[in-house]
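Peer 1: Sharing a structure with you now.
The values are calculated or read from the model by the stated rules, or taken from the named source; none is laboratory data. It should be emphasised that the depicted structure is a prediction, and the values quoted were computed from it without experimental measurement. Cβ placement follows ideal geometry from the backbone for every residue including glycine, while neighbour counts extend to all protein chains displayed.
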Amino acid sequence: MITVIEDCLRGASDRYDFWVSFINAMKIRAVAEIGVYKGEFSARILGSCSSIERYYMIDPWRHLEDWHKPANESDVEMQQAFQTAMNVTRPFARKRIVLRGKTREIIDELPDEELDLVYIDGDHTLRGITIDLIRSFPKVRPGGWIGGDDFTSSIW
């Protein structure tokens, strides 16, 4: 397994290349992406990974009163981001399942052990990441994967 990951890392020029290689090598069928925004990652993965049968797109796509980050835009801007995500993933509509809400609001709509992979790129605060990890963990099948964006060896 480590060899597969090393090969995917070695051949990747960016995170998209890595995840496409990894998903294809592992023949991932069910994915949840937490934090979709405009759907750029979703469209790239869905367009490049034919093994995917179900792709859960999880995002609140609304202004959040309790989240003080630059990406916390107005409801109008978030609705535009939602429409963009729907447009860029429209060719894959039969595979996508759109769940509009915070992780803790909608994660129970997924059956336990449903996912081969959960990709976390939502609330980048320590609290938010912790919630996403804890709440999504039961949704990943034994032997499945949890990954995400912005890996670092330090929280700083």
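Peer 1: Would you point out which residue out of Gly128, Gly148 is under 17 Å from the mean Cα position of the chain (by Cα), closer than 19 Å to Ala43 by Cα and not aromatic (Phe, Trp, Tyr)? Lay out the reasoning, then the answer.
Peer 2: Values: Gly128 fails: closer than 19 Å to Ala43 by Cα.
Checking each option against the conditions leaves just Gly148.
Peer 1: Now a separate question. Would you check if there is a residue in the stretch 115-125 being surrounded by 15 or more Cβ atoms within 10 Å (Cβ to Cβ) and more than 15 Å from the chain's Cα centre (by Cα)?
Peer 2: No, there is no match, as no residue in the stretch 115-125 is surrounded by 15 or more Cβ atoms within 10 Å (Cβ to Cβ) and more than 15 Å from the chain's Cα centre (by Cα).
Peer 1: Here is a check on your reading of the model: is Cys49 in contact with a Phe, Trp or Tyr (Cβ under 6 Å, 6 or more places away or on another chain) and closer than 23 Å to Gly143 by Cα?
Peer 2: No.
Peer 1: Let me confirm something: among Arg104, Arg100, Arg90, which residue is within 17 Å of Ile134 (Cβ to Cβ) and surrounded by fewer than 16 Cβ atoms within 10 Å (Cβ to Cβ)? Can you show your working first?
Peer 2: Values: Arg100 fails: within 17 Å of Ile134 (Cβ to Cβ); Arg90 fails: within 17 Å of Ile134 (Cβ to Cβ).
The match here is Arg104.
Peer 1: Identify the residue in the stretch 1-49 that is acidic (Asp, Glu) and not in a helix (DSSP H, G or I) and, among all such residues, is nearest to the chain's Cα centre (by Cα). Give the steps one after another, and end with the answer.
Peer 2: In the first step, residues of the stretch 1-49 are kept if they are acidic (Asp, Glu); the result is 6-7, 14, 17, 33, 40.
Now narrow it down to the ones that are not in a helix (DSSP H, G or I): 14, 33.
On the way: Asp14: 16, Glu33: 2 Å.
Once the filter is applied, the top-ranked residue is Glu33.
Peer 1: Just to be sure I understand the filter: pairs with C-beta atoms under 6 Å, separated by 6 or more residues or on different chains, first member in the stretch 14-33 and surrounded by fewer than 16 Cβ atoms within 10 Å (Cβ to Cβ), second member part of a helix (DSSP H, G or I). Which pairs pass?
Peer 2: Pairs that qualify, where the first residue is surrounded by fewer than 16 Cβ atoms within 10 Å (Cβ to Cβ) and the partner is part of a helix (DSSP H, G or I), are Tyr16/Arg44; Ala25/Val4.
Peer 1: Scan the stretch 100-146 for residues that are among the small types (Gly, Ala, Ser) and at positive phi and jot them down.
Peer 2: Gly101, Gly143
Peer 1: Check the stretch 134-145 and report whether any residue there is free of Cβ contacts under 8 Å to residues at least 24 places away in the same chain and either of a type in the set (Phe, Trp, Tyr) or buried (at least 21 other Cβ atoms within 10 Å of the Cβ) (or both). Can you show your working first?
Peer 2: So in the stretch 134-145, the residues free of Cβ contacts under 8 Å to residues at least 24 places away in the same chain come out as 134, 137, 143.
Next, only the ones that are either of a type in the set (Phe, Trp, Tyr) or buried (at least 21 other Cβ atoms within 10 Å of the Cβ) (or both) stay: 137.
Yes, there is a match, as at least one residue in the stretch 134-145 is free of Cβ contacts under 8 Å to residues at least 24 places away in the same chain and either of a type in the set (Phe, Trp, Tyr) or buried (at least 21 other Cβ atoms within 10 Å of the Cβ) (or both).
Peer 1: Does Ile28 fit the bill of being more than 18 Å from Glu114 (Cα to Cα), among the β-branched types (Val, Ile, Thr) and either at pLDDT below 95 or touching a strand residue (DSSP E or B) at 6+ places or on another chain (Cβ under 8 Å) (or both)?
Peer 2: For Ile28, the condition - more than 18 Å from Glu114 (Cα to Cα), among the β-branched types (Val, Ile, Thr) and either at pLDDT below 95 or touching a strand residue (DSSP E or B) at 6+ places or on another chain (Cβ under 8 Å) (or both) - is not met.
Peer 1: Also: Exactly one condition in (1) out of contact with any helix residue (DSSP H, G or I) (no Cβ under 9 Å at 6 or more places or on another chain); (2) of a type in the set (Asp, Glu); (3) within 19 Å of Ile28 (Cβ to Cβ) is false for Glu65; which is it?
Peer 2: Status for Glu65: all satisfied but (3).
Peer 1: Further question on the same structure: Every residue in the stretch 34-52 that is β-branched (Val, Ile, Thr) and either in contact with a Lys or Arg (Cβ under 8 Å, 6 or more places away or on another chain) or surrounded by fewer than 21 Cβ atoms within 10 Å (Cβ to Cβ) (or both), please.
Peer 2: Residue satisfying the conditions is Ile52 alone.
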